[in-house]
Amino acid sequence: MSCYPINLKLSGKRVLIVGGGKVAYRKAKRLLEAKAEITLVSPTVIDELKYFVLANNIKYYQREFKKEDMLDTCITFAVTDNRRVNSLIASLADKHNLLVNVADSLEESTFTLPALIKQGDLLLTVATGGNLPALSKRIREELENSFGEEFKVFLELMKILRPIIIDNIDDEKQRRKIFRELADLELIRLLAEDKDEFLEKLNKSLPAKVRKICDLAYIAEDGFGL
Ligand SMILES: C[C@@]1(CC(=O)O)C2=NC(=C\c3[nH]c(c(CCC(=O)O)c3CC(=O)O)Cc3[nH]c(c(CC(=O)O)c3CCC(=O)O)/C=C3\N/C(=C\2)[C@@H](CCC(=O)O)[C@]3(C)CC(=O)O)/[C@H]1CCC(=O)O
Ligand SMILES: NC(=O)c1ccc[n+]([C@@H]2O[C@H](COP(=O)([O-])OP(=O)(O)OC[C@H]3O[C@@H](n4cnc5c(N)ncnc54)[C@H](O)[C@@H]3O)[C@@H](O)[C@H]2O)c1
């Protein structure tokens, strides 16, 4: 399968979920994290999803799917247990050029969902071309152990530090050298093990000019929140 991976910004965008089972619940949780405006259509919903819908003010229509449900939505999730309904949704999406994820048909889907490892702004995704989704899940579990909270904290620090470096170091080559030195997995992992040593090593990677402007000890005062 040849796919084009993208990271969609769905904040405030209308998305439709058709179906109310455990697959619908999994999709809904991720969509809410992305702040999408969710509409759910399904005659029945499992308890977890029912509480989720109530707690998060999600628009819910307790009935079967109608094709008008797809008006004004950019993405639809066809996650019913009815092959015929899922297939109808896929063909409507195709007709109107909309994106659709069909839970029981890779062929009819215009996109699939990868397994996710998220640490703040660090996002790793795993897919198997639909050949073995359970393997995506297993790899996700393994990667989770190698990319802990220190990556989240480190990226928060870089959000502050990188613009300072860009503003103060004019030489592009020197900047690139600094960034490559900072993108050091060992350095990042040190943050979880020994914060003082981390600070010392980080300081060494920075040119004096930046070190002077940026009081790392001050930034680190709260122990980096770790
Ligand atoms: C990664 C993850 C993301 C997510 O959904 O959030 C995801 N499936 C996950 C888990 C999972 N899915 C299934 C099992 C039971 C074991 C098994 O049967 O294999 C488990 C494991 C479990 O639940 O423990 C069953 C299954 N999945 C699909 C079908 C239909 C088919 O193959 O046609 C069937 C058979 C249904 C049946 O029984 O008939 C289809 C798809 N599932 C995908 C994604 C897309 C391809 C991703 C890839 O390329 O790998 C794709 C194509 C479409 C899509 O949904 O986007 C999530 C792990 C999240 C995590 O925990 O990290
Ligand atoms: N993609 C995946 O990761 C994955 C994983 C497991 C299963 N599946 C497939 O996904 C589908 C859903 O799985 P599930 O476990 O959530 O199923 P489920 O049986 O728990 O839920 C199905 C839901 O669809 C609703 N529904 C049925 N007909 C409908 C209609 N006409 N309009 C609106 N809603 C309707 C039902 O009321 C129910 O809430 C199945 O086809 C299953 O084979 C996909």
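Of note:
- Centroid-to-centroid separation of the stretch 88-105 and the stretch 139-185 [C-alpha atoms, Å]: 39 Å
- Relative to the longest principal axis of the Cα atoms of the chain, the long axis of helix 172-182 lies at roughly 80 degrees.
- Helix axis angle, 195-205 relative to the chain longest principal axis, alpha carbon, degrees: 70 degrees
- Fraction in percent of alpha-carbon pairs per bin - 10 Å, the stretch 1-90: 16, 52, 28, 3
- Rounded to two decimals, the Cα radius of gyration of the stretch 76-165 over 2.2 N^0.38 Å is 1.49.
- Put in line by how crowded their Cβ is, counting other Cβ atoms within 10 Å and starting with the fewest, F179, F151 read F179, F151.
- For the chain, convex hull of alpha carbons as volume per residue, Å³: 169 Å³
- Cα→Cβ-extended label distance, 7 Å offset, between L54 and K201, nm: 5.0 nm
- Net +/- balance of residues flanking A115 in space, Cβ distance below 12 Å, scoring K and R +1, D and E -1: +3
- Take every pair of alpha-carbon atoms less than 8 Å apart whose residues are at least six positions apart; their mean separation over the length of the stretch 80-226 yields a relative contact order of 15 percent.
- Pairs exceeding 30 Å between alpha-carbon atoms, taken from K67/K118; K29/K195; K35/K173; K118/K177; K35/K67; K29/K152: K67/K118; K29/K195; K35/K173.
- Taking the square roots of 5 times each eigenvalue of the Cα gyration tensor of the stretch 149-225, largest first, gives ellipsoid semi-axes of 20, 13, 11 Å.
- Charge dipole (Cα centre; +1 on Lys/Arg Cβ, -1 on Asp/Glu Cβ; no other charges) of the chain amounts to roughly 720 debye.
- Leading residue at positive end of dipole, the chain (Cβ point charges), from P43, Y25, V210: P43
- The charge dipole of the stretch 14-113, taken about its Cα centre with unit charges on the Cβ of Lys, Arg, Asp and Glu (plus for the first two, minus for the last two), comes to roughly 160 debye.
Every read-out reported here was derived from the displayed coordinates using simple, explicitly stated rules and does not represent laboratory data. Fair warning: this is a prediction, and the values are worked out from it, not measured in the lab. FYI the Cβ positions are ideal-geometry reconstructions off the backbone, even for glycines, and counts take in every protein chain you see.
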